[in-house]
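Heads up, the thing below is written out as C-alpha cells.
The values are calculated or read from the model by the stated rules, or taken from the named source; none is laboratory data. Owing to the predicted nature of the structure, the values given are computational and were not obtained by experimental measurement. In this analysis, Cβ positions are derived from the backbone assuming ideal geometry, glycine residues included, and neighbour counts consider all displayed protein chains.
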C-alpha cells in the first residue's frame, strides 16, 4: 500500500479541477475487458490531476493483488472503480452548484443548501472521515514538512530516537498535530467539499471559459485566473472585453479614451506630453504620472464617486 502526507493549501482547487476533468475516454470505454485495458484507461489520467490518478491506480492495484479472488471478479470490481469516477464527478459537480455557487439560490444559506444535498444523497449525513493525532516537528509554529520527510526516510519508530531527530537543531519544536486520514478518492473529494463549506468558500462560473473558480476575495467577480489565450488569463482578457463593451456604450469613457490616446501620442518624440504647453496644470508631469491620475479618476467615475464632468475636467489640461 502506498501512503504519504500532503498539506492542502488552496482548498477546493483540486475538487474544481476534478469536476471539469474530461473523463469521456473512460466513460466510452466502460465495459468488461482485461486488466490491461483497465490500466490503459487509468493511464489516460496520469499527470492530469494532482491526486485522482494516485488514488485510482492504488485502488486498482489493491484489487488485482488479491490472489483469493477470481480474475473475472477483479475485472468487474475494477470496472466499478472506473465507473465511480463518472458518478463522483456528476455528484460533486451538483454539490458545488447547489451549495457553493454564489449565483444559485442566493436567498438560501449555505447550511440550508447542504441540507438539500444530503436529502438527495442521505449517505453523506453519516459520512465519517478518520482523524488522528501525531507528534510532529514544527518550525516557527508550523508543521515542518522538511523534517517530516527526513524522519520518514529514516523510518524511525522508537519514540526517544524520534524526539532526538525532531530536536536535532535549535530551530525545531514539537507539538501534537491533528490530521485527516484519507484512504480513497471518495473520501478525498468529500473532505475538500466539506472543508469548502466550513471555510465558507463560494464559487462562480467564469464568464469567459465557463469553469468554476473560487471567490477568495471581494475583488474577484466574473473571471478566473486560468490561462485563456497565449499567456493571458481569463481575468485579463475578460476585464478588457468588459471595459471595451462599457466604453462602446458610454460617451464619457469614449472621451476619456480620446484624451488618453492624444496625450500618449505626444510622447512619440521622447518628450513629456505637456512640455510644450506651459499653461497646462500637468506641465511638469510625465505621461506615466498623468496616467496614474487619469486611471484613478476613471476608477472613481466607474464607482460613481465623481460625475462625468469631474472626470473630464480632472484629466484634461
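Suppose the filter is in a helix (DSSP H, G or I) and modelled with pLDDT of 90 or more; does residue 189 pass it? Answer is yes for this residue. Restricting attention to segment 15-38 and to residues that are in contact with a helix residue (DSSP H, G or I) (Cβ under 8 Å, 6 or more places away or on another chain), at pLDDT below 95 and in a helix (DSSP H, G or I), the residue that is surrounded by the fewest Cβ atoms within 10 Å (Cβ to Cβ) turns out to be 25.
Conditions tested, residue by residue: (1) over 27 Å from residue 190 (Cα atoms); (2) loosely packed, with under 15 Cβ neighbours inside 10 Å; (3) assigned by TED's automatic domain parsing to the domain that holds residue 19.
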residue	(1), (2), (3)
42	no, no, yes
47	no, yes, yes
68	yes, yes, yes
72	yes, yes, yes
77	no, no, yes
83	no, yes, yes
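Which residues, counting only those in segment 268-299, are surrounded by 15 or more Cβ atoms within 10 Å (Cβ to Cβ) and assigned to a helix (DSSP H, G or I)? Hits for segment 268-299 are 287, 290, 291, 294, 297, 298.
The single condition from (1) closer than 18 Å to residue 83 by Cβ; (2) modelled with pLDDT under 95 that residue 11 fails is (1).
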